[in-house]
1. Give, as a single signed number, the net charge of other residues whose beta carbon lies under 12 Å from the beta carbon of Gly187, with Lys and Arg counted +1 and Asp and Glu -1.
2. Among the listed pairs Lys77/Lys242; Lys133/Lys191; Lys95/Lys133; Lys93/Lys200; Lys77/Lys133, which have their C-alpha atoms separated by more than 22 angstrom in this model?
3. Measuring from label point to label point, each 7 Å out along Cα→Cβ, what is the Asp221 to Glu239 span in nm?
4. Within the set of other residues whose C-beta is less than 15 Å from the C-beta of Ser155, count the net charge using Lys and Arg as +1 and Asp and Glu as -1.
5. In straight Cα distance, which aspartates and glutamates are under 13 Å from Lys18, not counting same-chain residues fewer than 8 positions off?
6. Work out the charge dipole of region 54-136 with +1 on the Cβ of Lys and Arg and -1 on the Cβ of Asp and Glu about the Cα centre, then indicate which of Gly63, Ile122, Gly112 is farthest towards its positive end.
7. Provide the net charge surrounding Trp225, with neighbours chosen by a C-beta distance below 13 Å and charges set as Lys +1, Arg +1, Asp -1, Glu -1.
8. Taking the Cα centre of each part, how many Å lie between region 91-165 and region 219-240?
Amino acid sequence: MGEVAVTCNHVSKRFQLKKDRADSVGQLLYRMIPFRGGQRATTEPFWALNDVSFELRVGESLGIIGHNGAGKSTLLKILTRTMYPTMGSLSLKGKVSALIELGAGFHPDFTGRENIYLNASILGLTRREIAGKIPEIVDFSELEDFIDTPVKYYSSGMNARLGFAVATSVRPEILIVDEVLAVGDEGFQKKCMEKILSIKQEGVSILLVSHALNTIANLMDHALWIDHGEVQHYGDPVEVVKAYRAAEAREETTIETDLRRVLASDRR
């Protein structure tokens, strides 16, 4: 048993949702008046995460799955310290590199090369170290012809390529990757997965959010399925993916049955 790299201990995250519904056009227009008086909007709690726990040891990989809105992105933001939990605790040991949003941290008016310097310096590299890694980053991103073009002209796929190349070039001890790889073409996605596996062999701990269930089942050491902010299954990736697919099949059957009832009712 190796050293624990990531510990997520009963983590919960609560948001306050504002409720300010207008019941008429007049009320809607009234809400648009500056400094209006009257009744204020009400709020109600929403738990994006509820009692999430797991451990990841050095050199291991964890695949995180679940429907959109299940709480996966909230968990990643907490893991990257851009958001803090309402309850529970978190421990990460080592340098963390993350790619959780397309172009996150990129300045649109800076060129690709300038953004490499900006992002790599934030990740802790010196200017000399960055200069030495520029050829590797540019080669991996396949953006040789555009590296001195402002990134505001980049496509989402180009942003993902550059972001991934920078995030993996710093040789982190913990790498966190969101579903952003899905925007690239199939060849580049394969290239990214090969890169992830190669740095995993170097002892890097990896957390990967993905809807590519076969990738999770075949390449990850562990899997975590989250639904409505709660852990549904955690453990062997093949078993977790199997349980997730079974739940999806049951949900599709229920929706299809309900639709047939509605159509049958309309025919009467």
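1. -1
2. Numbers: Lys77/Lys242 27 Å; Lys133/Lys191 18 Å; Lys95/Lys133 18 Å; Lys93/Lys200 16 Å; Lys77/Lys133 27 Å.
Correct reply: Lys77/Lys242; Lys77/Lys133.
3. 1.7 nm
4. -1
5. Glu44
6. Working it through, the farthest residue towards the positive pole turns out to be Ile122.
7. Details: positive: Lys72, Lys242, Arg245; negative: Asp227, Glu230, Asp236, Glu239, Glu248.
Taking every Cβ under 13 Å from that of Trp225, the sum is -2.
8. What the calculation gives is 30 Å, centre to centre.
Read-outs throughout are calculated quantities, based only on the coordinates presented, and are distinct from any laboratory measurement. Since we're looking at a predicted model, the values are computed, not measured. Neighbour counts run over all protein chains shown; Cβ positions are idealised from the backbone, glycine included.
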